[in-house]
Amino acid sequence: MKAKNIKNVLVLLFIVTVVFFAWKSVEASVPGWTVSGSGNVMGLKDAINLAWILLSAFLVFNMQAGFAFLGVGFLKKKNTLNYLAMSFLDFCVGGFVFWILGFGVMYGGSYLSAGLEKGNSFIGYSGFFLNGEAYNASTSAIWLFQVMFAITSCAIFAGAITERFKFTSHLIYSAFICGILYPVFGHWVWGGGWLGNLPFGEGMKDFAGSGVVHGLGGLVAFMGARMVGPRFGKYNPDGTPNSFPGHNLTYVVIGTLILIFGWFGFNAGSSLAVTEFRVAMIATNTFLSAISGALSVLVASYFRTRVSDITLVCNGALAGCVAITASGAYVPPWAAVIIGIIAGFILKASLFWVEFKLRIDDPVGAISVHGANGLWGLLSVGVFADGTYMGVKGLITGSGWQLLAQFIGCVTLIAWTLSLGYLVFYLLRRTFGLRVPLKEESRGIDIYEHGMSCYND
Amino acid sequence: MKAKNIKNVLVLLFIVTVVFFAWKSVEASVPGWTVSGSGNVMGLKDAINLAWILLSAFLVFNMQAGFAFLGVGFLKKKNTLNYLAMSFLDFCVGGFVFWILGFGVMYGGSYLSAGLEKGNSFIGYSGFFLNGEAYNASTSAIWLFQVMFAITSCAIFAGAITERFKFTSHLIYSAFICGILYPVFGHWVWGGGWLGNLPFGEGMKDFAGSGVVHGLGGLVAFMGARMVGPRFGKYNPDGTPNSFPGHNLTYVVIGTLILIFGWFGFNAGSSLAVTEFRVAMIATNTFLSAISGALSVLVASYFRTRVSDITLVCNGALAGCVAITASGAYVPPWAAVIIGIIAGFILKASLFWVEFKLRIDDPVGAISVHGANGLWGLLSVGVFADGTYMGVKGLITGSGWQLLAQFIGCVTLIAWTLSLGYLVFYLLRRTFGLRVPLKEESRGIDIYEHGMSCYND
Amino acid sequence: MKAKNIKNVLVLLFIVTVVFFAWKSVEASVPGWTVSGSGNVMGLKDAINLAWILLSAFLVFNMQAGFAFLGVGFLKKKNTLNYLAMSFLDFCVGGFVFWILGFGVMYGGSYLSAGLEKGNSFIGYSGFFLNGEAYNASTSAIWLFQVMFAITSCAIFAGAITERFKFTSHLIYSAFICGILYPVFGHWVWGGGWLGNLPFGEGMKDFAGSGVVHGLGGLVAFMGARMVGPRFGKYNPDGTPNSFPGHNLTYVVIGTLILIFGWFGFNAGSSLAVTEFRVAMIATNTFLSAISGALSVLVASYFRTRVSDITLVCNGALAGCVAITASGAYVPPWAAVIIGIIAGFILKASLFWVEFKLRIDDPVGAISVHGANGLWGLLSVGVFADGTYMGVKGLITGSGWQLLAQFIGCVTLIAWTLSLGYLVFYLLRRTFGLRVPLKEESRGIDIYEHGMSCYND
């Protein structure tokens, strides 16, 4: 019955799409395509920035391999295929919906490129389907870069709710993230919306998405993990948690390395231009913050436990990456180091708080890595920005206005994500259900949902 | 005796090469190298396009890691090392032969760069060894990009014939593919040959190699898998197939992701210029077609079996990539989605047809992913090209001439590949043999051919 | 007690750093940052070269994933997490120290970019912390590229001493490599020092670091593996070695592929400019030498043992990469092939010599791949450079002066690395100790040092 509902929705969606295509195809035969000469200096500038955007988009796409490795390494063998399927298909579904709906909502009205003219401070409404005016090189380059960001949010979410979440509900939720939740907030910050134009400081600034991508993904993960409940056996009757060791920690380390590799594109690509020389600073800060996050976690935990917990170190590096994502363009290298060190401490505190106090079960630590440090990243702009880029000035220059703008951004992000996130999880629980049956969970989801095991001898 | 033959051939080849080098080295001390100023606009244009070609070539090389992961995941543990060795060494052998012979055959007469002047409509004959006039930056950049394409054909082939093919025969066949089979057909389409100059439409168009690379690789795989026969135990006496589960499906998913990452370079790099702004469209279409292929397979199979077969979904994404490879430059985004959706259905039909009707054993599905969808990709140009790029107009613009050219290309590809492929497999079977002894196959090839196991505790 | 010492050192370092930051932050609020117009030809030239440097740096970073895969595949399961932790944290520690100290030592006085003015022929002393004048786009781009090289040295070292080296000592040694050992020698060759200005030929030339990075890393590995001694059970009482099979050879092959992928950035990026069209030649030579190294090892070993040892083939490809790293820019393609073929033979000879004659235990073969072939790479410049780039002329042009310069470079490298390396290993052995207790080694280091196993069911 439920599956039938999905089917109907999908079939309906498909028919609508095809009809839309058929109608649009007439228009498409006279598209708004312009071939730029590039035999002159301005044409070359466009060409090099186009190359930069595309190559960065490819690197960000490759983070999917990083998320897949990282996540699957943390899990039990019997549920790995389920996570891999979620991780693979959420970007397929999310990317598809972002093409149909999300991109137009997010960048409509931003005037960032042709075909993105319609929109207001709260929502955009042009550029859907990359059709009509939006069918051109510049707009599609931006689309490709942005869709990779949208699907990153889904990947973050997938890690926190794995090993007990329903596959179909995950795909529906991914469609919701990429179609509504992410694009609307993104529009407010990046698409010409009200947050980016706040009258404090230079308006809320989130350079590459500490808040828009990671904070949002981490907060959705928080809400999702809370509502689906902990994995069977995670908490003892007295409320103390059990630790489930990952089945392959090589994957965790490799996944982290691939993620950092992609993060260079994520952060430095967000300038959308390599003729903006600040990109060099951004890439450097990203690396410095990553290693500082790893080292701060190592030092802090080693002197307590006398063992070097490499999975914690990996998450520390990622926490550093998340935190610098908003501020990398605005701060000097020494500040990137301090931001990374603090990110490590926030990670440790948040991991403890989520697992032991709130008793929320997050198998890969996504809530703490992306959620808590996403918020810290937003605030770090208001603290460490030194005024050398775009005029953004933080506390270290003696001005508190930017920090106020960042704080408003944090509050808005939390309110928007948790409230809308709750609503949709609630609706999903009442209709499709959030959780696999206990039988599947205890015997392994792979066989039931995917018809095979991940590993076979 | 047979090994001695190989040895003699290799030693002979080596001696000839060294003598050739010694002779050419005199010439090389006064090479045709020109350092371009690049202090002016045209020099900068060359520089940025050089960067684009090289970076794309690096990405396409990385697809080797994707093919290795994907293939090995589908296999039984006892044959993994054999596949990895094939997969690694076929690109070494193929690349070497492409340097000596293939490149000159393929691009001689194309006038694409210095040193490629000699050739006719059927075959090229200049640029061998990248020596003489061909020893310059521009020609070697093109060589590097093209050699990555040539070795991709070998990688496709390796997947279909693994777990029973002889190691030495595989290497010989790879040399044949990169030296003759691929370059000659490639010359016809891309090197200034007769297919690219057909008097219908704009001549046969295969933007990045749906046919030249993937179709050819898939059709060779078809012929190879047919002639070597199915793996022991694959078919029951009554002709029904058994399914052999892959030993590590994590590798399959990761491999697919790495392949898509590389495919961006494969398709968008094939413009050989980022000053050709259409590259943005190509990259976008590649992603859209990949996710559409995955989703179409998911939807189609889920409603039949109620399980989400992730290996099928991965192959669906790759089928979408293959299909858009020829047409990505010429079609609008909505068409890329439709091309991907159809690719998914073709994949499913072909998998069924190959395994159940033809009873050909293809462990990784290479015939259906690359062969069947390579042909579909060629045809899709004739259907969906909207006339906005290079004047290529498909059925949707009301013209059928381009489709005719594409159809001729398909027929030629099938005839060339299957006939020559058959001939060489036949010769190999009569000399070195195609198949490992049954004892090796049933106990695992790794120990016999490589002296060790892939996994050791 | 010992751990307490580390703690004190770290805390002290941290305090000093923070105080330094606080003091510098005043300065940082008026940084030497210049936004370049890039609306003109020179600005565009800077932009495209900036993109080239950054993307190459990202590729070189990704080699860490390659080293992690390669190394871990060669090991026993029980020590994998230890190696992964070493491999991950040595780049964190090394990168941090390179930021504080190493970069200023290496490039101070090179005038390569703003803020690098102070230094002499033996040592540099400006650019520390990327602060003051060094806080600008150009300098930080160079820093990012160079830090990836520094940490590569550590990764090479980690492979040779794994499965018995102390974790803390490894991190201290990594700090020493990236802070002193590597930067001082690097300064001599690349930072304006005396080796690069030798009055023979064009001065010692090491284009991308056959000697500076790989030779140095390999020689340190030699000294480290010698002083820590072989793994328990590696040598029988009669001195014959036992072979320990790697636990997952899939990782070895994939790691090799990822390393070659990164090597393109390593070598072609070392021009620091894509407007220097020679980069195309460099990338092509890198690929040719890699496949030639693999094939030469295959042919040489196959006819002796009748099995194709894929791990040896992988190391052959890497040996080819190492050897061409110094000479790739100066030699024609045919010479790259010969350099690769010779690299394969050197690899085999060195592996035999190290394992059977010197009885040094090198689990991954780093000494032979990087050390022996690093030296060969340096010499190959003096043999095969054909005078078409930067006027560097080797023996094949009839001049022996360049070879003399290269030879002096080799001798200096060996003397510097082995003497200083010995000194520091000696000090470490007397203080922290080099080796884990026998109990840990025989039962597996992972549990003791990292509190968990890498693989859990």
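Any read-out appearing in this document is the output of simple, stated calculations on the displayed coordinates, not a laboratory observation. Source: prediction; values computed, not measured. A quick note on method: Cβ atoms are made from the backbone with ideal geometry, for glycine too, and the neighbour counts reach across all protein chains shown.
Annotation note: trypsin sites (Lys or Arg not before Pro) in segment B:38-111 located in DSSP loop regions with a Cβ neighbour count of at most 16 within 10 Å are absent. When the listed pairs B:Lys45/B:Lys118; A:Lys76/C:Lys78; B:Lys166/C:Lys357; B:Lys348/C:Lys77 are checked against a 29 Å cut-off, the alpha-carbon distance exceeds it for B:Lys166/C:Lys357; B:Lys348/C:Lys77. Between A:Tyr426 and B:Lys357, the simple spin-label model (points 7 angstrom out along Cα→Cβ) gives 5.4 nm.
Computed from the C-beta positions of A:Lys439 and C:Trp416 and an R0 of 45 Å, the FRET efficiency is 0.10 to the nearest 0.05.
When shorter helices are ignored and each DSSP H run of at least 4 residues is given -39500 (n - 2.57), the per-residue value for chain C at 222 nm works out to -20500 deg cm²/dmol. In this simple spin-label model, placing a label point 7 Å from the Cα along the Cα-to-Cβ direction at both C:Trp194 and A:Leu395 gives a separation of 5.1 nm.
Using only side-chain charges placed at the Cβ, +1 for Lys and Arg and -1 for Asp and Glu, the dipole size of chain C relative to its Cα centre rounds to 1120 debye.
For the protein assembly as shown, the gyration tensor built on C-alpha atoms gives a rounded shape. Its axis ratio a/c (a ≥ b ≥ c) stays under 1.5.
Just to confirm my numbers, what's the Cα centroid distance between segment B:237-280 and segment C:302-340 in Å? So the two Cα centres are separated by 28 Å.
Over chain A, Cα pairs under 8 Å with separation of 6+ residues give a relative contact order of 21 percent. Legend: mean number of C-beta atoms from other chains within 10 angstrom of residue C-beta atoms, peptide C:151-163, equals 0.
Compute the length gained on full extension between B:Asn242 and B:Tyr125: take 0.36 nm times their separation in residues and subtract their Cα-Cα distance, giving the result in nm to one decimal. Length gained between B:Asn242 and B:Tyr125: 37.4 nm. Residues B:Tyr455, A:Tyr83 in ascending order of nearby Cβ atoms (within 10 Å, fewest first): B:Tyr455, A:Tyr83. Taken as Cα centroids, segment B:121-187 and segment B:418-455 sit 21 Å apart, rounded to the nearest whole angstrom. The label point for B:Phe345 and the one for A:Glu117, both projected 7 Å from the Cα toward the Cβ, are 3.8 nm apart. Helices of chain A meeting both criteria, an alpha-carbon length of 30 angstrom or more along the long axis and an average Kyte-Doolittle score not below -0.5, with helices taken as full DSSP H segments, are A:2-28, A:41-74, A:137-161, A:279-305, A:401-431. By other beta-carbon atoms within 10 Å, ranking B:Leu50, C:Leu288, C:Leu272 with the fewest at the front produces C:Leu272, B:Leu50, C:Leu288. The packing ranking, built from the mean of other Cβ atoms within 10 Å per residue, places the peptides A:176-183, A:101-108 in the order A:101-108, A:176-183, highest first. Give the calculated FRET efficiency between B:Asn456 and A:Ile447 to the nearest 0.05, with a Förster radius of 30 Å applied to their Cβ-Cβ distance. Between B:Asn456 and A:Ile447 the formula returns 0.60.
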